[in-house]
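> Quick one: structure below, then a few questions.
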Amino acid sequence: MPLVVNEVFFSIQGEGTRAGRPCVFVRLTGCPLRCHWCDTAYAFYEGRRREVDDVVAEVDAFPARLLTLTGGEPLAQPDAFPLVTRLADRGFEVLVETSGHVSIERLDPRAVAILDVKAPGSGEAERMHPDNLDRLRPQDEVKLVLADRADYEWARELVRDPRLRGATVLLSPVHGRLDPGALGRWILEDALPVRLQIQLHKVLWPGVERGV
Ligand code: SF4
């Protein structure tokens, strides 16, 4: 079954522990969730059907070996799993940005899952696959996107969950809704063992929504 691909582009990775590095992005079409603050709604439906071989050939031509598979919810397409394996075989360091709605059990062990655990303010906090926090591997990262103080307090509790012990946890304010400085102060007040994350691509190219 072919993939449905929204866009392929070369940019600066704006999130996670690899922020700042040149990176190839493959954005797949479709998402079963509807987060209130979603900034990629254009990927819900727009896209074109492409074979895995075709996508691998295109990304191989970019001058970077860091690749992010994103969406939408990329793992909602079954062929995302063999795509990740093909890319890892080609020597790519593959990051998979996922809402956690689909089990990461079949994800190639060489890939890094960036598990975007949905906070209550997203409106989609109940959509996480029940096993995914138990399936986190040492290289995976947990991202919590927070819209307000209530979301922060939810995150503060989650950080104490034993399933997250040792994991890199990134707290990211919803762009334009939660002041990053306020979030930083809350983290300091609680001495929370997390990383504050600002979406670097939105600082570099404000107002640009696609291809970054
Ligand atoms: S999971 Fe991601 S793509 Fe889907 S609605 Fe939420 S923010 Fe948007």
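The values are calculated or read from the model by the stated rules, or taken from the named source; none is laboratory data. Keep in mind the model is a prediction, meaning the values are calculated, not measured. Cβ: placed from backbone, ideal geometry, glycine included. Neighbour counts: every protein chain shown.
> Does any residue of the stretch 117-128 turn out to be closer than 28 Å to PHE10 by Cβ and not in a loop (DSSP other than H, G, I, E, B)?
The answer is no, given that none of the residues of the stretch 117-128 is closer than 28 Å to PHE10 by Cβ and not in a loop (DSSP other than H, G, I, E, B).
> Shifting gears a bit: Checking the conditions here, which among LEU164, LEU192 is under 20 Å from the mean Cα position of the chain (by Cα) and either free of Cβ contacts under 8 Å to residues at least 40 places away in the same chain or loosely packed, with under 11 Cβ neighbours inside 10 Å (or both)?
On the way: LEU192 fails: under 20 Å from the mean Cα position of the chain (by Cα).
Matching residue, one of LEU164, LEU192: LEU164.
> If HIS101 satisfies all but one of (1) farther than 24 Å from ARG195 by Cβ; (2) at pLDDT 95 or above, what's the number of the condition it fails?
Only one criterion is unmet by HIS101, namely (1).
> Let me spell it out: the conditions are (1) surrounded by fewer than 22 Cβ atoms within 10 Å (Cβ to Cβ); (2) within 13 Å of the ligand (Cβ to nearest atom), and SER122 meets all of them except one. Which number is the exception?
(1)
> Is there a residue being assigned to a loop (DSSP other than H, G, I, E, B), more than 27 Å from VAL26 (Cβ to Cβ) and of a type outside the set (Asp, Glu) anywhere in the stretch 150-159?
The answer is no; no qualifying residue exists.
> Which condition number does VAL117 fail, the rest of (1) within 13 Å of the ligand (Cβ to nearest atom); (2) farther than 26 Å from TRP154 by Cβ being met?
Result: VAL117 fails condition (2) only.
> While we're looking at this one, here's another question. Return the total of residues in the stretch 15-52 being part of a loop (DSSP other than H, G, I, E, B) and either within 8 Å of the ligand (Cβ to nearest atom) or over 26 Å from MET1 (Cβ atoms) (or both).
Of the stretch 15-52, the ones part of a loop (DSSP other than H, G, I, E, B) are 15-21, 29-40, 44-47, 51.
Applying the additional criterion that residues be either within 8 Å of the ligand (Cβ to nearest atom) or over 26 Å from MET1 (Cβ atoms) (or both) yields 15-21, 31-40, 44.
Result for the stretch 15-52: 18.
> Now for a separate question. I need every pair where a residue in the stretch 24-45 that is under 18 Å from VAL8 (Cβ atoms) has its Cβ under 7 Å from the Cβ of a residue that is acidic (Asp, Glu) and part of a strand (DSSP E or B), sequence separation at least 6 or different chains.
Hits for this filter: ARG27/GLU7.
> If you scan the stretch 98-121, which residues turn out to be in contact with a helix residue (DSSP H, G or I) (Cβ under 8 Å, 6 or more places away or on another chain) and touching a residue at least 60 places away in the same chain (Cβ under 8 Å)?
Within the stretch 98-121, HIS101, GLY121 meet the criteria.
> Going through the stretch 1-14 one residue at a time, which ones are within 20 Å of PHE44 (Cβ to Cβ) and of a type outside the set (Phe, Trp, Tyr)?
If the condition is that a residue be within 20 Å of PHE44 (Cβ to Cβ) and of a type outside the set (Phe, Trp, Tyr), then MET1, PRO2, LEU3, VAL4, VAL5, ASN6, GLU7, VAL8 are the ones that fit.
> Mind listing whichever residues of the stretch 58-95 are within 16 Å of the ligand (Cβ to nearest atom) and either in a helix (DSSP H, G or I) or not hydroxyl-bearing (Ser, Thr, Tyr) (or both)?
LEU69, GLY71, GLY72, GLU73, PRO74, LEU75, ALA76, GLN77, ALA80, LEU95
> Out of (1) crowded, with 23+ Cβ neighbours inside 10 Å; (2) touching a residue at least 60 places away in the same chain (Cβ under 8 Å); (3) closer than 30 Å to PRO63 by Cα; (4) not polar (S, T, N, Q), what's the single condition that is false for GLU141?
(1)
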